Structure formats: structure tokens, C-alpha cells
Amino acid sequence: MKFIKWLNELSKNDINLVGGKAANLGEMYNAKLPVPNAFVITAPAYKHFIEKNNLMKKIKEILKNTDFNSPENLESSTKKIRELITNSKIPEEIENEIIEAYKKLSKEFGKEEISVAIRSSATAEDIPGASFAGLQLTLLNIKGVEEVLDGVKKCWASLFTPRATFYRQQKGFKHEKVYIAVIVQKQLGVLIRSEYEKGKYKAGVGFTIHPSTGEKDKIVIESSYGQGESVVSGSVNPDTIIIQKDSGKVIEYNVGRKEKMRITTEKGELEEIETPEDLRKRISLSEDEIKQLWELATKLEEHYHFPQDFEWVSENGKIYLVQSRPVTVFYEKKESKVIVEIPPILKGLSASPGVAIGKVKIALSVEEAKKKIEKGDILVTKMTSPDWTPFMKIASAIITTEGGLTSHASIVSRELGIPCIVGASDAIEKLKDGMIVTVDATSGFVYKGEVKDLLEKEKMSEVDLKYVGKLKTKTKILMNLGVPTEIDKYKDLPFEGIGLMRIEFIIADWVKEHPNYLIERNEAQKYIDKLAEGIAMVAKAIYPRFVVVRFSDFKTNEYRRLIGGEKFEPEESNPMIGWRGVSRYISEGFEKAFRLECKAIKKVREEYKLDNVWVMLPFVRTTWEVKKVLKIMESEGLKRSEKFKVWIMAEVPSVVFLAKKFAKYCDCFSIGSNDLTQLILGVDRDSAILSNMGYFDERDEAVLKAIKILIRDAHKKGVSVSICGQAPSFYSDFTEFLVRNGIDSISVNPDVVVKTKKLVYEIEGRLYSQ
């Protein structure tokens with residue numbers, strides 16, 4: 001099929017094709033995790049639909065005349081776009097494939113027509129660093145061919161809800177460049193009302209890290225009865241269960257009120273009903289269900305190598321996963337030594353940490369908020385929605401009576417860095433307008449009056465950035481970066497340069513087309529300009545600090561997914577160690593494309609006058625290929641010099657063994673710990689089986705020995721050594737090993753720059769005082 005993909009055909013690398021939600025479903029399905037089967041109408045199908053109906057020109061015109069700061073105007077404009085889409089006809093070639101796939105899915109479950117959930121999956125959704133979670137539509141209990149076709153159009157249209165459109169505008173995504181795929185999945189929870197009322201169906205969310213405190217040894221589960229939309233939207237006070245990650249032991253229960261539940265109706269709608277009294281008073285999950293969730297949470301994090309926020313359902317005691325995405329905002333836990341002698345007047349769930357003192361303002365509607373909320377007030381309400389965001393921004397803290405850790409108030413507060421407590425059910429009764437209170441959202445307590453000791457402690461935490469920024473370390477602390485538009489958020493962190501700037505995001509998201517495809521169409525300048533624009537954005541923001549740009553390191557399967565890529569890319573059985581890195585640049589099939597990257601670097605250095613841009617060669621295997629690529633670069637005006645440095649990635653063991661020879665051709669070796677580990681240990685870094693068995697570990701003795709040899713031999717030749725792999729971002733003992741062995745610089749993810757600099761300072765203090 002041209003426009004349909006099944007879950008068994010998808011992986012986490014298929015975001016451009018099917019969006020983050022569907023790609024992650026495919027990834028989990030193929031990792032043998034319990035995921036209901038589904039087919040996906042791809043993003044190119046949506047694009048084909050838009051083009052066939054000539055809709056994009058009309059959409060652009062409507063958006064051009066939209067006032068994004070006016071909720072009324074935004075609602076009116078986006079409604080017009082949604083109607084344009086739902087009133088247009090699905091092209092016959094797409095419609096036929098959808099019908100065929102629906103019949104096949106129904107037959108798999110032994111029926112002519114089954115009930116399905118239809119879920120949207122945007123191509124910019126659930127990418128590390130940005131999350132569009134919950135911005136588009138989900139339809140439940142849809143049954144029948146016509147109903148499915150209608151549901152697909154509704155999901156396409158949901159790309160232009162006011163909330164989704166506003167979020168893209170705020171994050172800098174071009175509306176016409178974000179596409180949407182649609183998941184059609186076997187519906188769970190097709191039960192009669194009496195079965196819901198017996199508590200046979202439960203749903204909720206989970207986090208493989210505590211999203212409020214950043215504790216990496218905790219798993220947090222939120223659960224309630226009925227369909228999961230109640231928990232995800234924050235419209236119910238769910239049960240909260242905190243589990244010790246390494247043992248599975250439950251260390252905290254919080255029984256939510258769970259006053260209502262949402263159930264599916266025969267019309268595919270959600271109906272809200274009262275939760276039976278006996279169900280409200282007890283934890284909604286059994287011991288076995290909690291154990292299943294703990295096991296699945298640990299497997300998810302081990303598989304993705306990154307904290308996950310996942311959605312789950314339980315039908316008759318069996319847990320199924322229906323979504324997983326990266327946790328995009330979390331904090332390091334701050335240990336408070338302040339003892340508060342007065343008792344708190346209110347307690348809720350810590351949703352976004354921090355301390356604030358202010359005047360209570362209770363607002364139960366947006367209209368009331370407009371009249372009452374002033375800068376610095378403590379906003380108290382039942383729950384929030386996107387319309388509340390302008391008032392949340394000016395509040396010093398937020399308290400809601402409803403919702404859990406995935407409610408709108410929780411998510412937005414964490415993104416804005418505002419202290420927030422949710423699920424404080426008696427807040428409106430206990431707090432009064434004008435009352436001065438201290439909100440300690442790190443612990444979930446509210447105190448009457450000003451508890452200045454808590455605020456002083458918080459201020460001390462806030463000056464950590466300035467304090468750490470003044471620390472001097474022999475080992476340079478660098479930062480990794482992939483999304484150019486994120487640099488403004490991180491430019492003031494205490495790093496001395498960008499040790500790894502990936503350009504793959506620019507290629508995949510800004511360009512989208514294969515470079516050879518553009519060359520064939522005489523559009524090569526587009527590729528050069530987009531690359532130059534993204535690189536210059538970063539280099540300008542941190543000038544004169546340096547930026548090491550890694551030349552493209554897509555593998556063949558990733559290049560194939562770019563527009564026009566299938567024509568130019570072979571299908572390799574093992575692309576991880578196939579045609580990638582420098583071997584591409586010197587090959588007949590890619591040299592012209594590589595020259596475009598060189599031209600982009602030259603443009604940034606000469607036209608933009610940003611001489612702080614250097615380059616890095618990835619996946620280097622031999623010295624002769626390095627010599628060849630350096631000649632190509634020189635022919636494009638990029639000659640290695642004191643002002644233009646060339647780094648080599650040490651990912652392949654041959655670079656370690658022959659470091660003294662490679663040193664002749666570079667200014668620095670940058671260790672790629674992920675690839676170096678997999679090639680030394682013979683472990684596929686994407687293998688869930690081997691990872692779960694503990695084979696993939698950058699701290700393995702063999703890997704550490706290789707790094708030690710590389711540092712020693714490079715230094716003998718006067719060449720420095722850095723590292724840009726993931727390990728230093730996660731393992732403090734690994735960082736200490738690197739410092740003790742004399743590494744020159746460590747490049748880490750933005751979220752751990754401050755922590756790493758402080759750690760390195762302490763390690764060097766111990767080391768040089770010995």
C-alpha cells in the first residue's frame with residue numbers, strides 16, 4: 001500500500017512518515033510490548049489530500065490574516081480551516097486503501113467490522129525537546145467504513161484546532177510544514193455500562209521519572225476508572241502511586257477522589273457518569289496491575305534510553321500500552337534543609353516545583369480571571385485549559401482542586417517554570433481572596449502567611465546558575481544541540497562552546513528533501529541556505545564561543561525517508577554499520593551532496609562572518625578516507641587551520657588503535673560513546689533484548705580501556721580529546737573516570753550542563769588536592 005503502514009512496519013525512526021505517536025506505537029509493538037494492533041494513514045496521505053483539493057493556498061491566506069493573540073479570532077480562523085478539510089473529498093486512491101486496511105484489521109479479530117479508536121499523530125509531535133501531546137483529536141468506538149473515513153478527515157482537521165495552531169506558532173513550527181498521520185487501532189474498553197461500574201476498565205498515565213522532582217529512581221503512575229481521557233485532560237483527581245524503580249516496591253499511595261468516569265457509548269462518544277461510591281474509596285489498581293506497570297515502565301526506559309511519559313489501559317486485569325513519548329520537562333530534586341515550624345493549611349500534588357509568596361485570587365472562570373488576576377498573585381481554580389495560559393504566565397504560583405501530573409495546569413506550569421500544586425481538593429474552601437500564603441510546590445504544601453525561609457532557600461537554588469557559571473574547571477564543559485531554535489533557551493548556560501551540533505534536524509524538518517533529489521531538480525541552493533540559516537542561528541547566538549558542526553550522519557534507512565530519498569538510497573540489511581559518515585562524502589553517489597554541506601559551512605563563515613564555526617567528521621574508519629575528504633573540503637574553500645578546526649569522531653575502534661596516525665589529520669577526537677560501545681562489545685545499541693540483559697553499557701571495562709588508550713595516545717601527539725555521547729549526561733561515575741584520565745572537554749545535553757560543571761569542579765578539586 002502507498003498510503004498505509006501497519007505497526008509491524010514502523011519504528012521510532014519513522015516520525016517523518018507517521019508522526020511521533022504512531023512511530024512510537026510501532027516501536028513498542030515490534031519490541032513485543034503489549035500494544036493493540038493498528039494501521040496508520042501516513043503523513044504523505046494527508047499531504048496528498050491537501051494538494052488534490054488545493055487547500056494549502058486557502059489555509060495560508062486564513063492564517064495570514066489571523067490574530068494569534070485574540071482567542072476569538074483564532075477560534076474563528078481555525079474553524080474555517082477545519083470546515084475546509086472536513087468538507088473536502090478523500091481521493092479515491094487513499095479511500096480504497098483505508099477501506100481495505102479496515103476490513104483486514106476487522107478480519108484479524110474475527111469480525112466483519114470492529115470498533116476502532118482513531119487517533120492523530122502529527123509529524124512534529126513527541127520529538128525530544130517538544131511535545132504536541134493531546135493537541136489533536138482522538139475518536140473512540142468508531143465502527144463502520146463510512147464512520148472510519150469521516151473520522152480520518154476529522155483527525156486531519158484537528159491539526160488546526162486553536163490550541164494546536166497556537167502551540168505551533170509559539171514554538172516556531174511552520175503550519176504548512178507540519179503534517180499529520182492517523183492511527184486506526186483496535187478499540188479497547190468496548191464494554192456495557194455495568195462493566196465499567198464494576199471497575200473492569202481502568203486507564204491512566206505513567207512516568208519513568210518523577211516529572212515534578214526529577215527523581216530518576218522513581219516511577220509515577222496515575223490511574224482512574226473508565227477511559228483515560230479523564231486522567232490525561234486533568235478533569236479527575238486520579239490515584240497516584242509512586243514506585244521504587246529498582247525494586248518495584250510501592251513507596252507512596254495517594255487515593256484520588258475519582259468522582260466521575262468517562263465511558264464509551266454506541267455512538268462513539270464519551271459519556272461522563274458518576275463513579276460508584278465503593279470504587280472511589282479504594283486504589284483503582286490491583287497489586288498485579290501495579291507490577292505489570294512497573295515492569296513495562298522499566299522496559300520502556302531501557303528501550304528508549306530516555307525518560308518516558310506513557311499512556312496505558314487495563315482491560316480485565318491486562319495492561320496495554322497505547323502511547324509513549326519523551327518527558328520534555330523535568331527537574332533535578334533539590335534537597336531542602338528548611339524546617340517549617342507552622343503546619344500547612346493545604347496539601348496537594350507537586351506538579352511543578354518552586355516556592356512563591358503572594359495574594360490568593362480564586363477564579364472559577366476565564367472571565368473572572370480577566371477581572372481579578374494581577375501579576376504576582378496566587379491563582380486558585382478548579383482546573384485550567386489553554387484559555388487560562390495568559391493568566392498562568394503572570395501568576396507567581398498556581399493551585400488547582402482537580403487534575404493530576406498530566407493536567408493542563410501541570411504541563412504548562414512545568415514549561416513556564418511556575419510553582420504549581422494540583423489535586424488540592426479543598427483549596428477553594430480553605431483559601432480566601434486576598435489571603436497571603438506561601439506555596440511550596442516542591443513538597444505540595446501551602447502555608448498561611450509568609451514563610452521567608454522557604455523563599456530564601458529557593459532563591460539560593462536559583463543563584464546556582466550564576467554560582468556555577470563562575471567556577472573555573474580545567475576540563476571544558478561543552479553542550480550538545482540538535483534544534484537550532486532552542487539555542488535562545490540555553491545560550492546563557494555555563495558552557496564554553498557547542499561540542500556537537502547535529503544538522504540532521506535541519507535536514508529532516510527544515511529541508512525534508514534528499515540533497516540528491518534537490519540537485520536533480522536544480523534546487524541545491526535551498527539545501528545550502530537552510531543549513532546555513534540553522535547553523536548561523538546557533539553560531540551568532542553564542543559568538544565568540546565555538547560551534548562544532550557535525551557533518552550529516554544519517555544512515556541509508558533515514559535518508560530513504562526524506563522526500564525523493566528512495567531513488568538514491570540502497571536498502572541495507574544493517575545500516576548502523578553501513579554507508580554512513582565519511583564513506584558517504586567520498587563516494588560517487590553522495591560527494592555532490594556533501595559539497596553542499598561544505599558550501600553551507602563556508603557561507604556561514606564568510607557571508608555571515610561567523611568564524612567560530614568548526615566541523616566534525618562522523619563515523620571515521622580509515623586514515624585514507626580522511627585524507628580524501630579533507631581534499632574535497634579544501635576544494636570547497638574549507639582548509640584546516642588555526643582558525644578552522646577539524647574534529648574526528650572516535651566511534652570505530654580503528655580510530656582508537658591508530659590514534660597516533662589519525663592525529664595527523666585532526667585537531668580533536670570526539671568520543672561517540674554509543675557507537676564506540678556497540679562496536680567494541682558487538683552489541684546492537686537498538687537491541688531491546690541485549691539492553692535489558694545489561695550488555696549495552698558505556699562503563700564496561702573494555703570501553704573504558706579504549707577511552708583511556710585514546711586519551712593517552714592523542715595527548716602524545718598534541719591532539720585534544722572530547723566526548724559528545726550520551727553517557728556523561730547520565731552517569732556521574734563515568735564523568736569522574738573521564739576527568740581522572742585527563743579528557744580535555746565533555747559535551748553534554750543542555751539539561752545537565754550546570755550539574756556536570758559543578759560535578760567536574762568537585763572532582764578536579766579532589767583530584768588536584770591529592
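Mind checking which residues of region 711-770 are open to solvent by less than 10 Å² (accessible area, probe 1.4 Å), modelled with pLDDT of 95 or more and part of a helix (DSSP H, G or I)?
Across region 711-770, the qualifying residues are Ile711, Ala714.
Would you mention how many residues in region 37-61 are part of a helix (DSSP H, G or I) and within 30 Å of the chain's Cα centre (by Cα)?
So the answer is 12.
For Tyr527, indicate whether it is of a type outside the set (Asp, Glu), farther than 28 Å from Ala650 by Cβ and open to solvent by less than 10 Å² (accessible area, probe 1.4 Å).
The answer is yes for Tyr527.
Within the group Val548, Val582, Val538, which residue is surrounded by 16 or more Cβ atoms within 10 Å (Cβ to Cβ), over 23 Å from the mean Cα position of the chain (by Cα), under 22 Å from Pro750 (Cα atoms) and of a type in the set (A, V, I, L, M)?
Exactly one residue qualifies, and that residue is Val548.
Return the residue satisfying two criteria in turn: it lies in region 616-669 and is hydroxyl-bearing (Ser, Thr, Tyr) and more than 21 Å from Ile503 (Cβ to Cβ), and of such residues it is most open to solvent (accessible area, probe 1.4 Å).
Ser641
What is the one condition in (1) over 30 Å from Val148 (Cβ atoms); (2) in contact (Cβ under 8 Å) with a residue 40 or more places away in the chain; (3) in contact with a strand residue (DSSP E or B) (Cβ under 7 Å, 6 or more places away or on another chain); (4) open to solvent by 20 Å² or more (accessible area, probe 1.4 Å) that Leu270 does not satisfy?
(1)
For Cys155, all conditions in the list (1) of a type outside the set (Val, Ile, Thr); (2) open to solvent by 10 Å² or more (accessible area, probe 1.4 Å); (3) farther than 17 Å from Trp312 by Cα hold save one; what is the number of the exception?
Result: Cys155 passes all but (2).
Among the residues of region 90-114, write down those that are part of a loop (DSSP other than H, G, I, E, B) and at pLDDT below 95.
Scanning region 90-114 gives Phe109, Gly110, Lys111, Glu112, Glu113, Ile114.
Output yes when any residue across region 352-361 is surrounded by fewer than 24 Cβ atoms within 10 Å (Cβ to Cβ), among the aliphatic types (A, V, I, L, M) and within 24 Å of the chain's Cα centre (by Cα), and no when none is.
No, because not a single residue in region 352-361 is surrounded by fewer than 24 Cβ atoms within 10 Å (Cβ to Cβ), among the aliphatic types (A, V, I, L, M) and within 24 Å of the chain's Cα centre (by Cα).
For Lys174, work out the one condition from (1) free of Cβ contacts under 8 Å to residues at least 12 places away in the same chain; (2) more than 27 Å from Asp387 (Cα to Cα) it doesn't fulfil.
Answer for Lys174: the failing condition is (2).
Is there a residue being in contact (Cβ under 8 Å) with a residue 12 or more places away in the chain and in contact with a strand residue (DSSP E or B) (Cβ under 6 Å, 6 or more places away or on another chain) anywhere in region 566-574?
So far as region 566-574 goes, no, none of its residues is in contact (Cβ under 8 Å) with a residue 12 or more places away in the chain and in contact with a strand residue (DSSP E or B) (Cβ under 6 Å, 6 or more places away or on another chain).
I'd like the full set of residues that are at pLDDT 95 or above and among the acidic types (Asp, Glu), limited to region 656-694.
Of everything in region 656-694, just one residue is at pLDDT 95 or above and among the acidic types (Asp, Glu), namely Asp667.
Quick one: Arg414 ticks every box in (1) out of contact with any helix residue (DSSP H, G or I) (no Cβ under 9 Å at 6 or more places or on another chain); (2) open to solvent by 30 Å² or more (accessible area, probe 1.4 Å) except a single one, so which number is it?
Every listed condition holds for Arg414 apart from (2).
I'm checking my understanding of the structure. Among residues of region 292-346 that are hydroxyl-bearing (Ser, Thr, Tyr) and at pLDDT 90 or above, which one is most open to solvent (accessible area, probe 1.4 Å)?
The residue in question is Tyr320.
How about region 596-631: which of its residues are over 20 Å from Asp529 (Cα atoms) and part of a helix (DSSP H, G or I)?
Thr623, Trp624, Glu625, Val626, Lys627, Lys628, Val629, Leu630, Lys631
Yes or no: region 350-367 includes at least one residue that is more than 19 Å from Val437 (Cβ to Cβ) and of a type outside the set (Ser, Thr, Tyr).
yes
Could you check how many residues of region 228-247 are open to solvent by 20 Å² or more (accessible area, probe 1.4 Å) and in a loop (DSSP other than H, G, I, E, B)?
4
Restricting the search to region 562-588, which residues are of a type in the set (Gly, Ala, Ser) and not in a loop (DSSP other than H, G, I, E, B)? Explain how you work it out, then say what you get.
Applying the first criterion (of a type in the set (Gly, Ala, Ser)) to region 562-588 yields 564-565, 573, 578, 581, 583, 587.
Correct list: Gly565, Ser583.
Matching residues to (1) free of Cβ contacts under 8 Å to residues at least 40 places away in the same chain; (2) open to solvent by less than 40 Å² (accessible area, probe 1.4 Å); (3) out of contact with any Gly (no Cβ under 9 Å at 6 or more places or on another chain); (4) among the polar types (S, T, N, Q):
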position: Glu367; (1), (2), (3), (4): yes, no, yes, no
position: Ile373; (1), (2), (3), (4): yes, yes, yes, no
position: Asp377; (1), (2), (3), (4): yes, yes, no, no
position: Met383; (1), (2), (3), (4): no, no, no, no
position: Trp388; (1), (2), (3), (4): yes, yes, yes, no
position: Ala395; (1), (2), (3), (4): yes, yes, no, no
position: Ile399; (1), (2), (3), (4): no, yes, no, no
position: Gly404; (1), (2), (3), (4): no, yes, no, no
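For region 145-218, give me every one of the helices (runs of 4 or more DSSP H) that falls completely inside it and has 2 or more residues that are of a type in the set (Asp, Glu) and more than 29 Å from Thr240 (Cβ to Cβ). Break it down stepwise before answering.
Working: elements: 145-157, 162-171, 193-197.
Hits in region 145-218: 145-157.
Taking region 192-213 as the region of interest, how many residues are under 29 Å from the mean Cα position of the chain (by Cα) and over 19 Å from Glu311 (Cβ atoms)?
1
Does region 1-24 hold any residues that are open to solvent by less than 10 Å² (accessible area, probe 1.4 Å), in a helix (DSSP H, G or I) and within 18 Å of Tyr102 (Cα to Cα), and which are they?
Answer for region 1-24, where residues must be open to solvent by less than 10 Å² (accessible area, probe 1.4 Å), in a helix (DSSP H, G or I) and within 18 Å of Tyr102 (Cα to Cα): Leu7, Val18, Ala22.
Considering region 475-491 alone, what residues qualify as being part of a strand (DSSP E or B) and either under 13 Å from Val549 (Cβ atoms) or over 20 Å from the mean Cα position of the chain (by Cα) (or both)?
Passing the criteria: Lys476, Ile477, Leu478, Asn480, Leu481.
The values are calculated or read from the model by the stated rules, or taken from the named source; none is laboratory data. These numbers come from a predicted model, not from an experiment. Neighbour counts are summed over all protein chains in view; Cβ atoms, including those assigned to glycine, are modelled from backbone coordinates with ideal geometry. What goes into the accessible areas is simple: the full protein's heavy atoms, side chains included, and nothing from ligands, DNA or RNA. Shrake-Rupley method; radii C 1.70, N 1.55, O 1.52, S 1.80 Å.
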